[in-house]
Structures are given as C-alpha cells and as structure tokens.
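Structure first, then comments.
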Amino acid sequence: MSSEQVWTTALNLSGFEVVAATVEQAERTMRLTVVPKAPVAVCPHCGGVCDEVHQTRDLDGVRDLPLADRVVELRVRVAQFWCSPCGRGFTPPVPELVEGAHATERFLSRAAELIRHGDVTRAAQFLRVPEKTLERWYYAWVERQRDTTPAAQITRIGIDELSLQKSTGRSSR
C-alpha cells in the first residue's frame, strides 16, 4: 500500500483521495493535497455528463479534523468542467467543504459540538484555530444549519375548544 493510499484511508474524506502528503514536524502540521475521486460531473445547465476538464484550481489552507496531535491542512484540487453540448463551463459544488470558510463541513460540525459543551475559546485552543476565525465560522455554520433544517411536518390539527362548544350548543358557564 502506497503512502498516499494510507493517508487517504486515515483522512477518510469521502469522495477524495490524497495525492501528496507533507508532515511539518516543528509546526505539528500535516498538509495533504486531495483530488476528487470522480473524474466526471453533471452539468447544472443541461444535465449532461461532462468529463472534459477545462482548468483546475487549488483551495489552500482548508482545515480538517486533526489526526492524532497534528493539525490537518488540505489543499483541495477543484476542477472546472467544460460542457460541449451547451458550451458552458462550470465548477461542481463540493459538499464536503464549507462555502466561505477554509474548513471542511465535518471540522465545523465537530467545532460546534465542542463549543456547545464548552466555549469558543477552549474549542479554538484545542483545534488550534484563531478564536475570532472559529467564532465567525461557527455562527455562519449555525445559520446554515437553520436554513437547511426542514420545517416540522404537521401531523394533526387541534380543534379550538370554544369552537367545539359553540357547535354542540354547550356553554362553559
């Protein structure tokens, strides 16, 4: 098993594989370059399957859950696809990454759990993230969770007691 396969297994980030790994002993940091496993994407404009990569870009400094005592920073290689049938380029969404934050969704989920059981200061110290950065990420994460939580489904409708008494002719006096 190659070292990249070992890091892919250890990272356990669905949909991605590790193609390069660097361990910084002095900083206690692990930097991993990850690429999507799927070489194709669905065009959001026409619904066709595209495999023609127009260009790639790297998202640097994306924080993920620590491995042992090491901070994990990801370099995520994101592909922009070109759809020949509709003549448009697009970048497919990466659900594992948080839009507007340099962190993975599971990192922020764990940070939120730590904050609920303690406070932002302690969570920031434990995760080795600046406190103000974690605070900003946390409040944005909470708002996003609120927006994605479906409304409770109505299972029964209550009947107003006064309306029921009026229809039966009974009085509460």
(message) Cβ contacts < 6 Å: first residue in contact (Cβ under 8 Å) with a residue 12 or more places away in the chain, restricted to the stretch 119-146; second residue open to solvent by less than 60 Å² (accessible area, probe 1.4 Å) and of a type in the set (Asp, Glu), any location; separation 6+ or different chain. Result?
(response) VAL120/GLU135
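Out of curiosity, is HIS54 open to solvent by 20 Å² or more (accessible area, probe 1.4 Å) and in a loop (DSSP other than H, G, I, E, B)?
When the stated conditions are applied, HIS54 does not pass them.
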(request) Taking the residues in the stretch 69-117 that are within 16 Å of the chain's Cα centre (by Cα) and among the polar types (S, T, N, Q) as candidates, determine which candidate is least open to solvent (accessible area, probe 1.4 Å). (result) THR104
(message) Quick check on the stretch 118-150: of everything there that is closer than 18 Å to VAL72 by Cα and among the hydrophobic types (A, V, I, L, M, F, W, C), which residue is surrounded by the fewest Cβ atoms within 10 Å (Cβ to Cβ)?
(response) PHE126
(message) Can you pull out every residue in the stretch 2-24 that is open to solvent by 40 Å² or more (accessible area, probe 1.4 Å), on the phi < 0 side of the Ramachandran plot and modelled with pLDDT under 85?
(response) SER2, SER3, GLU4, GLN5, VAL6, TRP7, THR9, ALA10, SER14
(request) Counting only residues that are modelled with pLDDT under 85, give me the helices (runs of 4 or more DSSP H) lying completely in the stretch 57-173 with at least 2 of them. (result) 131-148, 161-168
(message) Taking the criterion of being touching a Cys at 6+ places or on another chain (Cβ under 9 Å), over 19 Å from LEU127 (Cβ atoms), touching a residue at least 40 places away in the same chain (Cβ under 8 Å) and hydrophobic (A, V, I, L, M, F, W, C), would at least one residue in the stretch 65-85 satisfy it?
(response) yes
(request) State yes or no: is VAL34 hydrophobic (A, V, I, L, M, F, W, C), closer than 30 Å to VAL129 by Cβ and without any contact (Cβ under 8 Å) to a residue 40 or more places away in the chain? (result) no
(message) Please go through the stretch 25-46 and give me each residue that is among the small types (Gly, Ala, Ser) and either modelled with pLDDT of 85 or more or open to solvent by 70 Å² or more (accessible area, probe 1.4 Å) (or both), ordered by number.
(response) ALA26, ALA41
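The values are calculated or read from the model by the stated rules, or taken from the named source; none is laboratory data. It should be emphasised that the depicted structure is a prediction, and the values quoted were computed from it without experimental measurement. Because the Cβ atoms are built from the backbone with ideal geometry, glycine has one as well, and the counts that use them run over all protein chains shown. Calculation scope for accessible area: heavy atoms of the full protein, side chains included, ligands and nucleic acids excluded. Shrake-Rupley method; radii C 1.70, N 1.55, O 1.52, S 1.80 Å.
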